[in-house]
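Below: the structure, in structure tokens.
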Amino acid sequence: MILAMTNSQEERFLGIDYGTKRIGIAISDPLFLIATPLKTVDRKKIDENIREILERFPVKKIIVGYPLRTDGKKGKRAEEVEKFAKKIKEKFNVEIELWDERFSTIEAERLMRDRGEKPSRDKKRVDRIAASLILQSYLDSIREEE
């Protein structure tokens, strides 16, 4: 999917839905209005995929889904995401922001079912859509601040 997008010198935001097996990635438009699902990658290949995206697009900030528990507190998965975000920041020297991702996967699955698709048959698509929902939530919040 990334190959279909043209190169751009305009900055964008990247959204990441960090999972135990796969990582969903989404990208914003240059105006920071719309998040688009980009790709889903095996967690072991995330570094090379982020490098490829950063070579293709100037990324202003990476928004990483932060899996807080329903009570708003951190759990084990949130700590894993913090470590991942720190590693990405150090490796690629890019700004990272953790963003509440509670229910993003559930919402992605609901959107797929509403379209007549079966989320259980395409987990990679669920991850991409979840990443775009996380990023879109962030984009909407920065517009509200303006």
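In table form, for the structure just shown:
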{"read-out": "THR36 being among the hydroxyl-bearing types (Ser, Thr, Tyr) and without any contact (Cβ under 8 Å) to a residue 40 or more places away in the chain", "value": "no"}
{"read-out": "Pairs with Cβ under 9 Å, 6+ apart, first in the range 82-95 and within 9 Å of ASP47 (Cβ to Cβ), second basic (Lys, Arg) and in a helix (DSSP H, G or I)", "value": "LYS91/ARG51; PHE92/ARG51"}
{"read-out": "Condition check for ILE106: among the aliphatic types (A, V, I, L, M) and free of Cβ contacts under 8 Å to residues at least 40 places away in the same chain", "value": "yes"}
{"read-out": "Identity of the residue in the range 95-108, surrounded by 19 or more Cβ atoms within 10 Å (Cβ to Cβ) and modelled with pLDDT under 75, that ends up farthest from GLU80 (Cα to Cα)", "value": "ALA108"}
{"read-out": "Filtered residues of the range 109-138 (kept if hydrophobic (A, V, I, L, M, F, W, C) and modelled with pLDDT under 80)", "value": "LEU111, MET112"}
{"read-out": "Total residues in the range 98-124, condition out of contact with any helix residue (DSSP H, G or I) (no Cβ under 7 Å at 6 or more places or on another chain) and not small (Gly, Ala, Ser)", "value": "13"}
{"read-out": "Test: GLU117 is closer than 21 Å to ILE62 by Cβ and out of contact with any Ser or Thr (no Cβ under 9 Å at 6 or more places or on another chain)", "value": "no"}
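Yes or no, residue by residue, for (1) on the phi < 0 side of the Ramachandran plot; (2) touching a Phe, Trp or Tyr at 6+ places or on another chain (Cβ under 7 Å); (3) among the charged types (D, E, K, R):
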| position | (1), (2), (3) |
| --- | --- |
| ASP17 | yes, no, yes |
| ILE25 | yes, no, no |
| THR40 | yes, no, no |
| ILE46 | yes, no, no |
| ARG56 | yes, no, yes |
| LYS60 | yes, yes, yes |
| VAL64 | yes, yes, no |
| LYS91 | yes, no, yes |
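Matching residues to (1) surrounded by fewer than 19 Cβ atoms within 10 Å (Cβ to Cβ); (2) farther than 16 Å from LYS123 by Cβ:
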site: ASP17; (1), (2): no, no
site: ILE23; (1), (2): no, no
site: LEU31; (1), (2): yes, yes
site: ARG43; (1), (2): yes, no
site: ASN49; (1), (2): yes, yes
site: LEU54; (1), (2): yes, yes
site: PRO58; (1), (2): yes, yes
site: VAL64; (1), (2): no, yes
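The values are calculated or read from the model by the stated rules, or taken from the named source; none is laboratory data. No experiment lies behind these values; they were computed from the predicted model shown. No Cβ is skipped: glycine too gets one built from the backbone with ideal geometry, and neighbour counts run over all protein chains shown.
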